[in-house]
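Inspection log for the structure reproduced underneath, given as structure tokens.
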Amino acid sequence: MSRWMGVIERYREFLSVSEKTPVITLNEGNTPLVKADNLARIINPDLEIYLKYEGLNPTGSFKDRGMTMALSKAREAGSRAVICASTGNTSASASAFAARAGIDCFVLIPEGKIALGKLSQAMVHGARVLQVKGNFDDALRLVREISAEHPVTLVNSVNPYRIEGQTTAAFEVCDALDGPPDCHVLPVGNAGNITAYWRGYRTYREQGVIDRLPVMLGFQAAGAAPIVLGHPVEKPETLATAIRIGNPASWKQAVAARDESGGLIESVTDEEIVEAYRMLASAEGIFCEPASAATVAGVRKLQERGYFRKGQRLVLTLTGHGLKDPDLAIRVSSPAHTVEAEKDAVLKVLGL
Ligand SMILES: *Cc1c(COP(=O)(O)O)cnc(C)c1O
């Protein structure tokens, strides 16, 4: 049988699992690598651009790759409850995998700052959701303290199994392209994912699956760009709530990925993010989260500086699905017309 069984079954040999590990999976992974020729035509026709569409994971973001590992290992260790701080997608994913594992899930989110789709997921899966009067960094500090003192497993990306599970996305990219891209482009929030991709690529090279490594290009939102600025941001602000983080947990590892790969971590403004978000939706038919669109905004910015060489192959990770936050899509698009239920009226508006 060739049914896809999730990232642990597919990449078991690279992961810290044994026959004794109960695999908690929603058949995550195996996401499309979409060739974006329309986007390339707009940005630079001499580039080969691929989109790793992680919004098509079971809960709508790449977090599922790490969560299948985190919950499987939590179950293996006999844990009865998991806890996380979240800008939304971590809680959506943790609550779904916890439900499947039969484990309690506690979620701390910044009050009023998470997209409604994500909040609805945590709630419907039965997590205990607490809105913290503070930001993500405050919530992360709290869950780190609580999990150190109480029998609950922390499933933020400081949990090493999260990062390990997320390495599988780099494996999938190499498997699909029969090699690594020249550049891998990611949004950077808590910086777990750029850490995971870099580790995934290095693992594949150490194992002899690939013979070179990509350049890692990370993008933060201008109002939440601690790594770019070189110091924590007390009050991070951006409409890309998934990367609204002022003090990333994997800061050092992200800087290592940047420097070891000869890459960059830079920032893009909310305006550039929204423009890229609309461009992806209208030119490629791909609906992603604003945080994900930071990749496209970043590539456009580097292109303007003449950063890329002819024929380079780029992979951009689109981290989450646009349906997480339909309010934003409606807010930045042209409004729907209201017409009388008459053919002439409809034709007039349509210009037919
Ligand atoms: C979590 C998340 C990010 C940020 O990833 P990090 O690993 O925290 O850097 C970006 N986009 C989306 C949609 C996310 O859910």
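The values are calculated or read from the model by the stated rules, or taken from the named source; none is laboratory data. Just so it is clear, the model here is predicted, and its values are computed rather than measured. All Cβ positions, glycine included, derive from the backbone under ideal geometry; neighbour counts span all protein chains shown. These area figures cover heavy atoms from the full protein model, side chains too; ligands, DNA and RNA do not enter into them. Shrake-Rupley method; radii C 1.70, N 1.55, O 1.52, S 1.80 Å.
List the trypsin sites (Lys or Arg not before Pro) within the range 277-352 that fall in a DSSP loop (any state other than H, G, I, E or B) and whose Cβ has at most 12 other Cβ atoms within 10 Å. Let's see the in-between values first.
Values: sites: Arg278, Arg300, Lys301, Arg305, Arg309, Lys310, Arg313, Lys324, Arg331, Lys343, Lys348; in loops: Arg305, Arg309, Lys310.
Those satisfying the criteria are Arg305, Arg309, Lys310.
Could you provide, to the nearest whole Å², the per residue accessible area of the chain with probe 1.4 Å? Provide the component values of the computation, followed by the final result.
Details: 15530 Å² over 352 residues.
Heavy-atom SASA per residue in the chain reads 44 Å².
Can you tell me the FRET efficiency between Arg305 and Arg212 if r is taken as the Cβ-Cβ distance and R0 is 41 Å, rounded to the nearest 0.05?
Numbers: r = 24 Å, r/R0 = 0.58.
Once rounded, the FRET efficiency stands at 0.95.
Given N residues in the chain, what is Rg(Cα) / (2.2 N^0.38 Å)? If you can, show how the numbers build up before the last one.
Values: Rg = 20.2 Å, N = 352, 2.2 N^0.38 = 20.4 Å.
Ratio of Cα Rg to 2.2 N^0.38 Å: 0.99.
Could you check which residue among Phe14, Phe97, Phe287 shows the biggest mean-square fluctuation in a GNM of the chain with a 10 Å Cα cutoff?
Between Phe14, Phe97, Phe287, it is Phe14 that shows the largest mean-square fluctuation.
At a Cα cut-off below 21 Å, give the lysines reachable from Lys301, other chains included and same-chain residues fewer than 8 away excluded.
Within the straight-line limit of under 21 Å, Lys301 reaches these lysines: Lys35, Lys52, Lys310.
Measure out, as a whole number of angstrom, how far apart the alpha-carbon centroids of the range 30-103 and the range 295-336 sit.
18 Å
Relative contact order for the range 232-352: what is it in percent, counting Cα pairs under 8 Å that are at least 6 residues apart?
Details: 94 pairs, mean separation 23.3, N = 121.
Reported relative contact order: 19 percent.
Quick check on the range 1-71: what are the equivalent-ellipsoid semi-axes from the Cα gyration tensor, as sqrt(5λ), descending, whole Å? Walk me through the numbers before you get to the answer.
Values: eigenvalues 198, 28, 22 Å².
So the equivalent ellipsoid measures 31, 12, 11 Å along its semi-axes.
Given 0.36 nm per residue, what is the gain on full extension from Leu229 to Ala336 after removing their alpha carbon distance, in nm?
Stretched out fully, the Leu229 to Ala336 stretch lengthens by 34.4 nm.
For n ≥ 4 DSSP H runs only, could you compute -39500 (n - 2.57) per run for the chain, divide by its residues and tell me the 222 nm figure to the nearest 500?
Numbers: 15 runs with 154 residues, N = 352.
So the calculated ellipticity at 222 nm is -13000 deg cm²/dmol.
Compute the distance in nm between two label points, each set 7 Å from the Cα along the Cα-to-Cβ direction, one at Thr269 and one at Leu347.
4.5 nm
For the chain, give the percent of accessible area contributed by carbon and sulfur heavy atoms, probe 1.4 Å, rounded to a whole number. Could you put the intermediate results ahead of the total?
Values: 7640 of 15530 Å².
After summing per-atom areas, the C and S share lands at 49 percent.
Where in the range 39-94 are there trypsin sites (Lys or Arg not before Pro) that are in a DSSP coil and have at most 12 other Cβ atoms within 10 angstrom of their Cβ?
Working: sites: Arg41, Lys52, Lys63, Arg65, Lys73, Arg75, Arg80; in loops: Arg80.
In loop regions of the range 39-94 (DSSP not H, G, I, E or B), the sparsely surrounded trypsin sites (Lys or Arg not before Pro) are Arg80.
Shape of the range 210-352 from its Cα gyration tensor (a ≥ b ≥ c, root eigenvalues): rounded if a/c is under 1.5, otherwise prolate when a/b > b/c, or oblate? It would help to have the intermediate numbers written out before the result.
Numbers: a/c = 3.05, a/b = 1.86, b/c = 1.64.
Prolate.
List the GluC sites (Glu not before Pro) within the range 253-352 that DSSP assigns to loop and that have no more than 15 neighbouring Cβ atoms inside 10 Å. Please report the intermediate quantities before stating the final value.
Values: sites: Glu260, Glu266, Glu271, Glu272, Glu275, Glu284, Glu304, Glu340, Glu342; in loops: Glu340, Glu342.
Listed in order of number, the matching sites are Glu340, Glu342.
If I take every Cα pair under 8 Å that is 6 or more residues apart in the chain, average their sequence separation and divide by the length, what percent do I get for the relative contact order? Present the calculation step by step, with values, prior to reporting the outcome.
Values: 723 pairs, mean separation 65.1, N = 352.
Dividing the mean separation by the residue count of the chain yields 18 percent.
Have a look at Ala297, Ala176, Ala196 and tell me which one the Gaussian network model of the chain (Cα, springs below 10 Å) gives the largest fluctuation.
Comparing Ala297, Ala176, Ala196 in a Gaussian network model of the chain, the most mobile one is Ala176.
Between rounded, prolate and oblate, where does the range 80-169 land on the alpha carbon gyration tensor, with a ≥ b ≥ c its root eigenvalues, rounded for a/c under 1.5, else prolate if a/b exceeds b/c?
On the way: a/c = 1.27, a/b = 1.11, b/c = 1.14.
Because its axes are fairly even, with a/c under 1.5, the range 80-169 counts as rounded.
Using Cα springs under 10 Å in a Gaussian network model of the chain, which residue among Leu302, Leu213, Leu264 shows the largest mean-square fluctuation?
Leu302
Taking the Cα of Arg3, stepping 7 Å toward and past its beta carbon, and measuring to each backbone N in the range 73-114: which are under 18 Å?
100-101
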